[in-house]
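Everything on this sheet refers to the single structure shown next.
Please treat every number below as a calculation from the coordinates, not as lab data. Just so you know, these numbers come straight off a predicted model, no measurement behind them. With ideal geometry, Cβ positions are generated from the backbone for all residues, glycine too; neighbour counts draw on all protein chains shown.
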Amino acid sequence: MTISLIVIVGFVLVSAVVGVIGRGRGAMNVERWSVGGRRFGVVLVWLLMAGEIYTTFTFLGASGWAYSHGGPAFYILAYGTLGYIISFFLLPPVWRMAKRLGLHTQPDFFLARYDSQALAGIAVVIAVVSIVPYLQLQLAGLGMIVEIASAGAITSHVAIVVAFVATCIFVYTSGIRGIAWVAIIKDVAMIVAVAIIGIGLPAMYFGGVGKMFAELMRRHPAHLTFPGATPTMGVAWVVSTVLLTGMGFYCWPHTFASAYAAKDDRTLRRNAIVMPLYQLPILLVFFVGFTALLVMPGLKNPDTALLALVTRSYPGWFAGFIGGAGAVTAMVPAGMLLLGAATLVAKNLYRPLRRRPVSEQHLMRASRGFMLLIAVAALLLALWSPHELVILLILGYDGVAQLFPAIVLGVFVRRTTVRPVMLGLVAGVVTVIGLIWSGHDPFLGLNAGFVALAVNGAVTLVSMAILDQGAPVGVTPFEP
């Protein structure tokens, strides 16, 4: 227990120090804080985006669903790859626009493309409301990881507070550059940890991955089919969820804006080509979840399956390594979520509502202030309102994916104006809220967020046909 504790604390402290040092020299401003001066090459963009995407969810949520849900968990393998394919075509023109106009946030894109402060404001609200459960996911998972890996020596609440304070310190001082440097530690630790346990645990208990699957099929013959161990997550749910989350993959404001940090558009295309390799560690995490189901059936909380099996199977120092890697895996995306949310609230909500001009120094202070406020709100939710990790992620996707038609049409269809996009966005948000609050998720076997996205797209296209008839080409200053 003592060794595990030392290793975990060491991981968190070293990461915080690296994040602060990663600030570099020179005065901090919004450009440097939020997009790193737009100087990141392929390696840093890769690490940064992987740091945002492969999170606590990779450690706990994926293994938990493999343990408890079975077949439906495989949607996680598919949607990331679909998102990367979309990013190959979508992000380069977005980057060119951001470079030319000096954009820092996702709502900046909507404001520049559609010349609508109202649309930018709605994007801010959707982004923040969707980010909070995603941030809550990171914090809840972080606490769970540290508490189990330390054999209860550190409670989840203490772990959440300490690690999150460390995250806030390096985000406050260093911005996106600090996050990128911590992402290096996170990615190396995560890949090593997942490779060892993903191959080692099936071999330890069954003599290999193939024999583990044979035993799984013998004892749970329906577990790897749809709907697996669930009553509702059949083929329609899996396909609709893959489409929803694939299209919403780069609609998250922090992942969308992270593309601004690239030094050129070719960097983003190269990144889209190599990023699917990161799906492989998720497959290894599934192996751990399936092994845990066979070795430790009946766990009260499936999200603890990976850690429970690791602490049972390995010495304390290695459990500490897994716990430390998991903690940093939560800190990096939490930092990006905080940075993205704070910047867009300060720049796209606070500054327009303030009647007097706002200087760059004032905006920088406001961004840091909002970062702390959002951090406190997410911290309170994580401490007193934990939920199943995958459900939190899907709820976030239900919201941000509604921005997809506005982004895609804004990039590729020059006649698109703000009114159809606004009507579609409102229709999609109202639909998803109504379906979820009324308990109709899934709806007719489909993911409620996907149904809302279909309504969003249909309303947008019909409105374009009616309202944009005869609209001139190039109604905005946007040039892809």
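For the range 185-195, the Karplus equation 6.51 cos²θ - 1.76 cosθ + 1.60, evaluated at θ = phi - 60°, returns couplings of 4, 4, 5, 4, 5, 5, 5, 4, 4, 5, 5 Hz by residue, with Gly and Pro reported as x.
Applied to the range 250-259, the Karplus parametrisation 6.51 cos²θ - 1.76 cosθ + 1.60 on θ = phi - 60° returns per-residue 3J(HN,Hα) values of 9, 8, 4, x, 6, 6, 4, 6, 5, 5 Hz, with x for Gly and Pro.
Normalised by the number of residues in the range 97-231, the mean separation of alpha-carbon contacts (under 8 Å, six or more apart) gives a relative contact order of 8 percent.
Were the residues from Arg96 through Leu299 laid out at 0.36 nm apart, the gain over their Cα-Cα distance would be 68.1 nm.
Length gained on full extension, Trp384 to Phe412: 5.7 nm, using 0.36 nm per residue less the C-alpha separation.
Across the range 240-249, coupling constants 3J(HN,Hα) worked out from phi with the 6.51/-1.76/1.60 Karplus curve, θ = phi - 60°, read 5, 6, 4, 5, 4, 6, x, 6, x, 3 Hz, and Gly and Pro carry x. Going by neighbour counts of Cβ atoms within 10 Å, the residues Trp65, Trp384 line up, fewest first, as Trp384, Trp65.
Computed on the range 162-297, with alpha-carbon pairs under 8 angstrom and 6+ residues apart, the relative contact order is 34 percent.
Which value, in nm² and rounded to one decimal, describes the direction-averaged projected area of the C-alpha convex hull of the range 354-466?
10.6
Applying both filters, DSSP loop and at most 16 other Cβ atoms within 10 Å, to the trypsin sites (Lys or Arg not before Pro) of the range 282-373 gives Lys300, Arg354, Arg355. Taking every alpha-carbon pair under 8 Å whose residues sit at least 6 apart, the chain reaches a relative contact order of 32 percent.
Round to the nearest 0.05 the FRET efficiency obtained for Val125 and Met204 when R0 = 51 Å and r is the Cβ-Cβ distance.
That pair, Val125 with Met204, gives E of 0.55.
Between Phe89 and Ile21, the distance separating the two model label sites (each 7 Å from Cα on the Cα→Cβ line) works out to 4.4 nm. Across the range 198-256, the convex hull enclosing all Cα atoms gives 123 Å³ per residue. Distance distribution P(r), the range 49-149, all Cα-Cα pairs, bin width 5 angstrom from 0: 2, 10, 13, 16, 19, 15, 11, 8, 5, 1, 0 percent. Taking the C-alpha atoms only, the angle from helix 209-219 to the longest principal axis of the chain is near 80 degrees. Highest mean packing comes first when the peptides 254-266, 438-450 are listed by Cβ atoms within 10 Å, giving 254-266, 438-450.
Of the three principal axes defined by the Cα atoms of the chain, the extents in descending order read 67, 53, 40 Å.
Entry for the range 124-224 at q = 0.14, 0.18, 0.23, 0.25 Å⁻¹: log10 I(q)/I(0) = -0.83, -1.05, -1.21, -1.25, Debye formula applied to identical alpha-carbon scatterers, no solvent contribution. Over all projection directions, the Cα-based convex hull of the range 299-353 averages an area of 5.3 nm². At full extension, Val430 and His220 could sit 71.6 nm farther apart than now, given 0.36 nm per residue minus the alpha carbon distance.
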